[in-house]
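Enquirer: Submitted below is the structure of interest, expressed as structure tokens.
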Amino acid sequence: KKYVYLFNEGKADMKDLLGGKGANLAEMTNIGLPVPPGLTITTEACNEYYVFGEKFPPGMEAELEQGLKILEGKIGKKFGDNENPLLVSVRSGAKFSMPGMMDTILNLGLTDTSVQGLIKSTNNERFALDCYRRFIHMFGDVAMGVPHHEYEEILAEEKEKEDVQFDNQLTVKALHTLLDRYKALYRKHTGEDFPQNPYQQLLLAIKAVFGSWNSDRAIVYRKHNRIPDDLGTAVNVQAMVFGNMGDDCGTGVAFTRNPATGERKLYGEYLINAQGEDVVAGIRTPLPISLLEQDMPDIFQQFESISQLLEKHYRDMQDIEFTVERGKLFMLQTRNGKRTAAAAMRVAVDMVHEGLITKEEAMLRVDPLQINQLLHPQIDVNAEFQVIATGLPASPGAAYGSVVFDANDAEAQGKAGKKVILVRTETTPDDIHGLVMAQGVLTSRGGMTSHAAVVARGMGKPAVCGCEAIKIDYTQKLFTVGDLTVKEGDFISIDGATGKVILGEVPTIAPELGGDFAEYLGWADEIRTLGVRANADNPKDAQKARDFGAAGIGLTRTEHMFMEQERLPFVQKMIMADTIEEREEALSHLLPFQQEDFYGILKAMEGYPVCIRLLDPPLHEFLPNREELLVEITKLKCTGGDSDLIKKKEKLMKKVDELHEFNPMLGHRGCRLGITYPEIYAMQARAIFQAVAQLTKEGIKAIPEVEIPLVIHVNELAFLRKQTVEIAEQVMEETGVKFEYTVGTMIEVPRAALTADEIATEADFFSFGTNDLTQTTFGFSRDDAEGKFLQHYLDYKILKENPFVTIDPKGVGQLMEIAVKGGRSSKPDLLIGICGEHGGDPESIQTCHQLGLNFVSCSPFRVPIARLAAAQAAV
Ligand code: PEP
Ligand code: MG
């Protein structure tokens, strides 16, 4: 087994072993780019480190020593040398980039001896001492847990003593004092002197990187991004180059295209005379990369051509880190750049037009769930609002919420359902749990590549960064802008597309869905074979679904129509009825409402099928809550209320008691209602067919599919189908209009799936109701499981995914497979879809594609996501 690879021994496709950073450094080295030499310790070493009880695996250290010797030979410098010492950076690098999650240590190798060597070799005492104090700070903080802010406090005190504003204005004398104080701080917290052996420093740093794989924040990030816990991280040890040796030095980060918009133009930031961490950590606000052309024209040109080369080489937008040391350019990292959904789409569309990638490849360049960002409202620029400050537009979208200044508060309030905006001077990986629960983030420092910006873009959350006009006071929990004070709990809005910070809540407008969006999803439609419909219960949602590209309605839940205020009394009357006549009387009042509903939806979906499900929930859902009713009756009795009213309420109470079931979800619902009260389904069928007749007369093509829910036996369907067909024929006769329709069923109970071959003989179509199918297959109550125990199952990894979100392939998926096979064995052309929540989940859509379904159906806002996911499933 080999634990250590020199950069020239690796390749881009070795990400599993070398991590993303290590593999790309190797690739850049091998295509001849200027990369400082280094080596990578494998992810395998990290995993074995844990297997051996947090000890290095046998053989790793020997390989490392040998690798370092080769490195020393290549550079002509020696570790710990008092003439010309080798210094290295130590960085983590997992297979998937986890921005800010893992730790970095720079300038490793400096000791009291070797710092003299650095002074000699650079002839710059101030610079050498500055490197040393940065190293003691980073090493103490990252490897040994010395509190970061205590270093910061000492630094601030020394700057104040010297009366200087910037770190690099500190004198040599002040730096000496600073070093002494830093070392004392290190001793205070670790009980040991600062290590004076570079090799020992290195081993401790490697341990720290391995350890950071299992830090709380890394675990939270992985969970949020669904990255497996067993990948491990690699460690990259690389010869240092210095961007902070003077004004012919610098460091920067750039994207080959704009990560917010996708515009094809170098986009990034740099700082003259600074080290890489200064840019990323947002400590100084950097300059836009376009100015580098004036500051260092040769370097700019060279950088531009390298970045083009890298983009062509990787055939994707790159995120590149570079350093300039004494007028020489070095590449420190390249990776596929994280981007907003808008940018991802534009880059994919442009790259197809540029001939760099195919349409099929383009499909894989946008995460379907990310599309969500594009569908969400933007600030209405025509509205009146008070902009109180403007920062960098770091991650698009509009958000509003009450101000919180602490990630823990953001997490707590967010979990309690409150909308909050997290406001910080800058964020660090320790704030990740707060970012997850906040609507958006506002920072007063840091650039477009600061931690807050990168993480927010990744999560699709609005962010405004580097908004220097706001002054935050954490102790008083407020910020000021000029003479305005905004306190914790006050409402603000942020617009991550323009960088605006606004007082109060602002009106928003729907997003523009033409241009790249339409072109890209148009390609998705060409490529996919799976149909996409929407679940919608009213004409407005049907229209929205159509606008988003839905080709039909996969589920109209008619019970939502029963809940409306003007109808509920008739629904209750229908339930209270003692005789069929009474029930039919109540139903006759509901019929016109239903007819109007169906007319509207079928019209909005003209030319596309609309699947209408007959009444499904248990009837008690339409009656008042028992406890509330009891309180009402008791009150009426105590206050001598109207005796007729009391009688009426008591009758209602009796009905509530009668309808009570211990297990309503397994009770009198679905087609069981249709069997016991055929007149309910008869009314609904009549309303559907009368609407269809009316539309047909008007020359509008209506395609109704009548759906019977919760079927467990072919005979149920046969019974209800017969009634439906009779009513259709009656309506045709009454209206003199001929129309087409189909009758089918939901498959949402295991027995239905298992006997699908029989059921298909009475069905024109199937639609998987995977919400109930999951509930009945697992025996998990869909209303309670998530709140009660499911989270534990996920935390303990007893279940890999929440089965109510992603189709469980082994259980529910197998039943679906049986149902598809069974159904099509009786009717080869049987139309089969899915309309449970899973119909909008990309992973489940993949499953549906593989099972050979005809369509998925999901909520209107998920339609574009489903179109893309279906295309991805097809490539
Ligand atoms: C289902 O069970 O998956 C379904 C779509 O029906 P409902 O969610 O209305 O029970
Ligand atoms: Mg159901």
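The values are calculated or read from the model by the stated rules, or taken from the named source; none is laboratory data. Predicted, not measured: the structure shown is a model, and the values here were computed from it. Counting neighbours? That spans all protein chains shown, and the Cβs are built from the backbone with ideal geometry, glycine included.
Enquirer: Is there a residue in segment 726-745 that is within 16 Å of ligand 2 (Cβ to nearest atom), touching a Pro at 6+ places or on another chain (Cβ under 7 Å) and in contact (Cβ under 8 Å) with a residue 24 or more places away in the chain?
Expert: no
Enquirer: Residues of segment 178-202 being surrounded by fewer than 16 Cβ atoms within 10 Å (Cβ to Cβ) and in a helix (DSSP H, G or I), which ones?
Expert: Listed by number, the residues that qualify are 180, 184, 187, 188, 189, 190, 199, 200.
Enquirer: Which of (1) at pLDDT below 95; (2) over 27 Å from residue 761 (Cβ atoms) is the odd one out, the single condition residue 836 does not satisfy?
Expert: Unmet for residue 836, out of (1) at pLDDT below 95; (2) over 27 Å from residue 761 (Cβ atoms): (2).
Enquirer: Ok, one more. Which residue is surrounded by the most Cβ atoms within 10 Å (Cβ to Cβ), if the candidates are limited to segment 390-419 and must be acidic (Asp, Glu) and over 19 Å from the mean Cα position of the chain (by Cα)?
Expert: 409
Enquirer: Can you tell which of 787, 811, 833, 839 is within 29 Å of residue 662 (Cα to Cα) and within 16 Å of ligand 1 (Cβ to nearest atom)?
Expert: None of the other options fit; the residue is 811.
Enquirer: Given (1) within 16 Å of ligand 1 (Cβ to nearest atom); (2) in contact (Cβ under 8 Å) with a residue 40 or more places away in the chain; (3) within 18 Å of residue 614 (Cβ to Cβ), where does residue 749 come up short, assuming only one miss?
Expert: Going through (1) within 16 Å of ligand 1 (Cβ to nearest atom); (2) in contact (Cβ under 8 Å) with a residue 40 or more places away in the chain; (3) within 18 Å of residue 614 (Cβ to Cβ) one by one, residue 749 breaks only (2).
Enquirer: Sort through 319, 350 and tell me the only one that's crowded, with 21+ Cβ neighbours inside 10 Å and either outside any loop (DSSP other than H, G, I, E, B) or in contact with a Phe, Trp or Tyr (Cβ under 7 Å, 6 or more places away or on another chain) (or both).
Expert: Going through 319, 350 in turn, the sole match is 319.
Enquirer: Right, residue 607: in the same structural domain as residue 549 (by TED's automatic domain parsing), away from ligand 1 (no atom under 16 Å from the Cβ) and either surrounded by 19 or more Cβ atoms within 10 Å (Cβ to Cβ) or not in a helix (DSSP H, G or I) (or both) or not?
Expert: yes
Enquirer: Here is a follow-up. Tell me, which residue of segment 550-603 that is modelled with pLDDT of 95 or more and part of a loop (DSSP other than H, G, I, E, B) is surrounded by the fewest Cβ atoms within 10 Å (Cβ to Cβ)?
Expert: Filtering segment 550-603 for residues that are modelled with pLDDT of 95 or more and part of a loop (DSSP other than H, G, I, E, B), the one surrounded by the fewest Cβ atoms within 10 Å (Cβ to Cβ) comes out as 551.
Enquirer: Test residue 821 against the stated conditions and say whether it is more than 16 Å from ligand 2 (Cβ to nearest atom), under 20 Å from residue 714 (Cβ atoms) and in the same structural domain as residue 552 (by TED's automatic domain parsing).
Expert: When the stated conditions are applied, residue 821 passes them.
Enquirer: Further, regarding this structure: How many residues are within 25 Å of residue 124 (Cβ to Cβ), modelled with pLDDT of 90 or more and not polar (S, T, N, Q) when one looks only at segment 164-184?
Expert: Number satisfying all stated conditions: 11.
Enquirer: Out of the residues in segment 242-273 meeting the condition of being assigned to a loop (DSSP other than H, G, I, E, B) and touching a Cys at 6+ places or on another chain (Cβ under 9 Å), tell me which one is surrounded by the fewest Cβ atoms within 10 Å (Cβ to Cβ).
Expert: Checked segment 242-273; the qualifying residue surrounded by the fewest Cβ atoms within 10 Å (Cβ to Cβ) is 273.
Enquirer: So which of 700, 646, 688 is outside the structural domain of residue 570 (by TED's automatic domain parsing), more than 16 Å from ligand 1 (Cβ to nearest atom), surrounded by 14 or more Cβ atoms within 10 Å (Cβ to Cβ) and hydrophobic (A, V, I, L, M, F, W, C)?
Expert: The conditions single out 646.
Enquirer: Could you list, in sequence order, the residues of segment 758-774 that are crowded, with 24+ Cβ neighbours inside 10 Å, near ligand 1 (Cβ under 9 Å from one of its atoms) and assigned to a helix (DSSP H, G or I)?
Expert: 770, 773, 774
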